[in-house]
Amino acid sequence: MEQVNIHGQREARGARTPWVVGVSGASGTPYAAAVLRGLVDAGESVDLVVSRASRLTLLDETGIAFRDAHWRDDLAKWLARGADGKPGTFDVGGAYLDDVRYWSAGDLGAGPSSGSYAVRGMLIVPASTASVAGVALGLSKDLLQRAASVTLKERRKLVVAVRETPLNGQTLKHLVALDEAGAVVLPASPAFYAGATHIQDLVDFVAGRVLDAAGVPHSLYRRWEGELGSSRPPS
């Protein structure tokens, strides 16, 4: 029997249709953690791809060594950590990660490498300029790039949260090419109108905008309501 999900897609009852989350080597691993928590909290299934370069960034920014054989334990440590580096900030114990599936970045035979593997779309967060170039040029040098190329060819939602500054002309051309191919180019650029008082607020704003682009409900930041100064505490 088929049912129509909240995205208007038909799927077999009980079928798993995840979001693919690709984490590249750009600085900004707290952005990825916030997006992953947001997806899980919204009841979404997740297929996770962590590039080789991102493992170095994760180790540098958090001290966590992400290992294929122990990915669940390492992911739990990562997602429990706040943007300020404090361990245990978020409760991700128990069955929290039960609907997260991990694919090695070198596994080009993985599910997301094929268009017949049913997914809702893909979020690349953070997206390095190298991953942007690889996807724009269709290089498919690893699973992250291949899954993104598949997402584009299947006309599924692709959100690219690029995290780099400044941007050179070649990267800007690659971003325009992705936009023309149907991707949402979303710079990891936090805003301040939402009343941020902590680094986690700034991270959550960017993560929330990524989830907005994907159509996933969340409560990660205060939305603009058309009233100046509404987010400031009374003086």
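The values are calculated or read from the model by the stated rules, or taken from the named source; none is laboratory data. Because the structure is a prediction, the values reported are computed rather than measured. Cβ sites come from the backbone with ideal geometry, for glycine too, and all protein chains shown count toward neighbours. Quick note on the areas: whole protein, heavy atoms, side chains included, nothing else; ligands and nucleic acids left out. Shrake-Rupley method; radii C 1.70, N 1.55, O 1.52, S 1.80 Å.
If the condition is being of a type in the set (S, T, N, Q) and closer than 29 Å to THR89 by Cβ, then the stretch 157-212 contributes THR165, SER189, THR197, GLN200. Taking the stretch 179-203, which residues are of a type in the set (S, T, N, Q) and either open to solvent by 30 Å² or more (accessible area, probe 1.4 Å) or part of a loop (DSSP other than H, G, I, E, B) (or both)? Matches in the stretch 179-203: SER189, THR197.
For the stretch 157-178, the candidate set comprises residues that are β-branched (Val, Ile, Thr) and in a strand (DSSP E or B); within that set, the residue that is farthest from SER54 (Cα to Cα) is VAL159.
Quick grid of which residues meet (1) farther than 15 Å from SER54 by Cβ; (2) among the small types (Gly, Ala, Ser); (3) at pLDDT below 95:
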{"residue": "GLN3", "(1), (2), (3)": "yes, no, yes"}
{"residue": "GLU11", "(1), (2), (3)": "yes, no, yes"}
{"residue": "THR17", "(1), (2), (3)": "yes, no, no"}
{"residue": "GLY38", "(1), (2), (3)": "yes, yes, no"}
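Of all residues in the stretch 167-190, those being over 15 Å from THR151 (Cα atoms), hydrophobic (A, V, I, L, M, F, W, C) and free of Cβ contacts under 8 Å to residues at least 40 places away in the same chain number 4. Against the criterion of being among the charged types (D, E, K, R), under 30 Å from LEU202 (Cβ atoms) and modelled with pLDDT of 95 or more, GLU154 does not qualify. A single member of GLY115, GLY111, GLY182, GLY106 is within 19 Å of ALA53 (Cβ to Cβ) and modelled with pLDDT of 95 or more, and it is GLY106.
Candidates in the stretch 130-166 are the residues that are without any contact (Cβ under 8 Å) to a residue 12 or more places away in the chain and of a type outside the set (Gly, Ala, Ser); of these, the one that is most open to solvent (accessible area, probe 1.4 Å) is LYS141.
Do we find a residue being surrounded by fewer than 18 Cβ atoms within 10 Å (Cβ to Cβ) and at positive phi anywhere in the stretch 117-129? The answer is no, given that none of the residues of the stretch 117-129 is surrounded by fewer than 18 Cβ atoms within 10 Å (Cβ to Cβ) and at positive phi. Restricting attention to the stretch 104-127, the residues being assigned to a loop (DSSP other than H, G, I, E, B), of a type in the set (A, V, I, L, M) and touching a Pro at 6+ places or on another chain (Cβ under 8 Å) number 1. Just name the residue that is farthest from VAL160 (Cα to Cα) out of those in the stretch 204-235 that are surrounded by 11 or more Cβ atoms within 10 Å (Cβ to Cβ) and of a type in the set (Gly, Ala, Ser). Result: SER230. Tell me, yes or no, whether the stretch 91-103 has at least one residue that is in a helix (DSSP H, G or I), buried (at least 18 other Cβ atoms within 10 Å of the Cβ) and at pLDDT 95 or above. No - not one qualifying residue is present in the stretch 91-103.
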